[in-house]
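**Q** If you scroll down you'll find the structure; I have some questions about it.
The values are calculated or read from the model by the stated rules, or taken from the named source; none is laboratory data. Only a predicted model underlies this, so the values are computations on that prediction, with no experimental measurement involved. Using ideal geometry, Cβ is built from the backbone for each residue, glycine included, and neighbour counts are taken over all protein chains shown.
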């Protein structure tokens, strides 16, 4: 069914109270599109988008996306379509929302720099979204194994059509059967993260380095799945230097460290993208799309070896740049330099375990009290036995016993520790609880203990 732009403008007027259409512009549709779209400008100079489903399945998908936008819209650093109203149609409901500002990007023309880093950070922010929000909105969820089996199922269905070259079938089957390639942590996925769906604005229209990402469109394929799927278009269109800049900003902004096979799976997703188009075209009877997709697959089969050689050179160059950057960082920051700044906290790095109990056992407070009250102020002579250093004793495995216990106190009872000044209140430590016998790590996965320093002036104790 093809609806006129005027009809879509009437739907917008009925969906949003106070929307009085002044002009409307239809968006040309292609065979197989799931939605009919028009842009409407109202009497208050606001620009609206009317999105009308073509099939009942598309209508259900649009309802899910509307639910997702209400949950996710306020949690993203970039804008996404926020539905303001619905209008009933036979296929479901047409959605109306304000048009997002910005211009679509062309990943092929994207250069390394600020805008490429913005793309990486925006994608990382989407992937950092809690799974629960997507699940609550009814979006599909696939873990690593389910995602791999889903890809295998699509490959089997495409092979049955006879339109996929044998070389590509063998190549993709081997990749999907390599289980080590599919060990990743599932994340929220946009699903169609392509240049036309990423909107950017520019401080200077003639300088692309002044751009920043403003919004992301087309969330209909969003799901919980493989984060590499959102890099498919970038690996296919962007230059190696731009892809590196996007990946660097992405890795710095992700809560979880990206896995080592992310780029390889992204390239595989880009290669296999025509399979889904082929299956959809066959299901809807669009023979012209079937023939066009089959030609694309034959062309891919002819150039795949050249692509592999190019990717090998790109990966080698990326590894060399990473090695050189690490060497430069190590040369600038000498680990033995006391002025070396502390590294930024990174939750994705392995943490140093909690120190062994032998390094954190209780010590005698006699030396501490002597430091607070030095013996130099006393007029009594120092005996020769006290002047000579005591002979070092062999290290003992048992902890040093506190020397401030009151006479006659039982070892099992709490030992009172009295503050050196009379105005302070005493406190007690139960030795049985404070010093367990277990030598294991009491704080599995915790970071290093932060040492405490006693300042000479005042009683403040501050952390390093």
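**Q** Counting only residues that are within 20 Å of the chain's Cα centre (by Cα), over 14 Å from residue 249 (Cα atoms) and in a helix (DSSP H, G or I), how many does the stretch 100-144 have?
**A** Of the residues in that region, 7 qualify.
**Q** For the stretch 244-279, enumerate the residues that are more than 18 Å from residue 151 (Cα to Cα), without any contact (Cβ under 8 Å) to a residue 60 or more places away in the chain and crowded, with 17+ Cβ neighbours inside 10 Å.
**A** Of everything in the stretch 244-279, just one residue is more than 18 Å from residue 151 (Cα to Cα), without any contact (Cβ under 8 Å) to a residue 60 or more places away in the chain and crowded, with 17+ Cβ neighbours inside 10 Å, namely 258.
**Q** Hey, another quick one. Determine, yes or no, whether residue 261 is assigned by TED's automatic domain parsing to the domain that holds residue 198, more than 18 Å from the chain's Cα centre (by Cα) and within 30 Å of residue 118 (Cα to Cα). I'd like the intermediate steps shown before the answer.
**A** Numbers: assigned by TED's automatic domain parsing to the domain that holds residue 198: yes; more than 18 Å from the chain's Cα centre (by Cα): no; within 30 Å of residue 118 (Cα to Cα): yes.
Criteria not met by residue 261.
**Q** Right, residue 221: surrounded by fewer than 20 Cβ atoms within 10 Å (Cβ to Cβ), out of contact with any strand residue (DSSP E or B) (no Cβ under 9 Å at 6 or more places or on another chain) and either outside any strand (DSSP E or B) or on the phi > 0 side of the Ramachandran plot (or both) or not?
**A** Working: surrounded by fewer than 20 Cβ atoms within 10 Å (Cβ to Cβ): yes; out of contact with any strand residue (DSSP E or B) (no Cβ under 9 Å at 6 or more places or on another chain): no; either outside any strand (DSSP E or B) or on the phi > 0 side of the Ramachandran plot (or both): yes.
So residue 221 fails the test.
**Q** Another question about this same structure. Kindly indicate whether any position in the stretch 9-20 is modelled with pLDDT of 90 or more, outside the structural domain of residue 197 (by TED's automatic domain parsing) and either part of a strand (DSSP E or B) or closer than 16 Å to residue 220 by Cβ (or both). Before the answer, list the steps.
**A** At the first step, the residues of the stretch 9-20 found to be modelled with pLDDT of 90 or more are 9-20.
Keeping just the survivors that are outside the structural domain of residue 197 (by TED's automatic domain parsing) gives 9-20.
Now restrict to residues that are either part of a strand (DSSP E or B) or closer than 16 Å to residue 220 by Cβ (or both): none.
For the stretch 9-20, residues modelled with pLDDT of 90 or more, outside the structural domain of residue 197 (by TED's automatic domain parsing) and either part of a strand (DSSP E or B) or closer than 16 Å to residue 220 by Cβ (or both): absent.
**Q** Do the conditions hold for residue 64, that is, is it assigned to a helix (DSSP H, G or I) and in the same structural domain as residue 27 (by TED's automatic domain parsing)? Talk me through it step by step, then tell me what you get.
**A** Values: assigned to a helix (DSSP H, G or I): yes; in the same structural domain as residue 27 (by TED's automatic domain parsing): yes.
Here the answer is yes, as residue 64 does meet what is asked.
**Q** Do the conditions hold for residue 205, that is, is it assigned by TED's automatic domain parsing to the domain that holds residue 257 and farther than 30 Å from residue 82 by Cα? Quick ask: steps written out before the conclusion?
**A** Numbers: assigned by TED's automatic domain parsing to the domain that holds residue 257: yes; farther than 30 Å from residue 82 by Cα: no.
Against the criterion (assigned by TED's automatic domain parsing to the domain that holds residue 257 and farther than 30 Å from residue 82 by Cα), residue 205 does not qualify.
**Q** Give the residue, chosen from 116, 12, that is within 22 Å of residue 193 (Cβ to Cβ) and in contact (Cβ under 8 Å) with a residue 60 or more places away in the chain. Lay out the reasoning, then the answer.
**A** Working: 12 fails: within 22 Å of residue 193 (Cβ to Cβ).
After applying the criteria, what remains is 116.
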